[in-house]
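In what follows, a single structure is set out as structure tokens and then discussed.
Rule-based calculations on the coordinates, nothing more; no lab input. Here the structure is a predicted model, which means the values were calculated and not measured. Cβ coordinates were reconstructed from backbone atoms using ideal geometry, including for glycine residues, and neighbour counts include every protein chain displayed.
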Amino acid sequence: MIDGVQLIPLRRFEDERGWFMELMRASLLPQPVKQSNLSFSRKGVIRGLHYHERGQSDLFACVHGMTFTADIGDDNPAAVFIPGHHAHGYEALTDCLFLYHVTEEYDRDDPDEHEVPWNDSRIVHLWSTESPILSERDAAS
């Protein structure tokens, strides 16, 4: 695993009503969370790779479906903490709902998001798809 990246197993407590899972505990994180985001991605979407020069860290959890680069989601309930400066992103292996907590609030006037293209020679071999669904920004990078 990359230095500073943490895989945090999540425990699901189930009964006849359904289930409960704790997604984030501030005492386990090296930085306080300042914003939470939720995204839905269709199967075949690649989001990222992005990184933050000012050091924003992210805590990712796939709350429904499955994602890759760290296979997290329904079959592997876990959260992934990505410390600032590390590039991060994921591929939706199924339709998925993705929750991420971040240590800085997003600033539209001065965004701290920088890209590494999904098809960069250092990472293109990691993806299961050769024709992902991309945002306009990710497609242009």
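Looking at the chain, the DSSP beta bridges with both ends there are about 95 percent antiparallel.
Restricting the stretch 9-44 to trypsin sites (Lys or Arg not before Pro) that sit in a DSSP loop and have at most 11 other Cβ atoms within 10 Å of their own Cβ leaves R11, R17, R25, R42.
Across the chain, the mean sequence separation of Cα contacts (distance under 8 Å, 6 or more residues apart), normalised by length, yields a relative contact order of 31 percent. The sum of -39500 (n - 2.57) across all DSSP H runs of n ≥ 4, divided by the residue count of the chain, sets its helix-only mean residue ellipticity at 222 nm to -500 deg cm²/dmol.
Taking Lys and Arg as +1 and Asp and Glu as -1, the other residues whose beta-carbon sits under 13 Å from that of S41 total 0.
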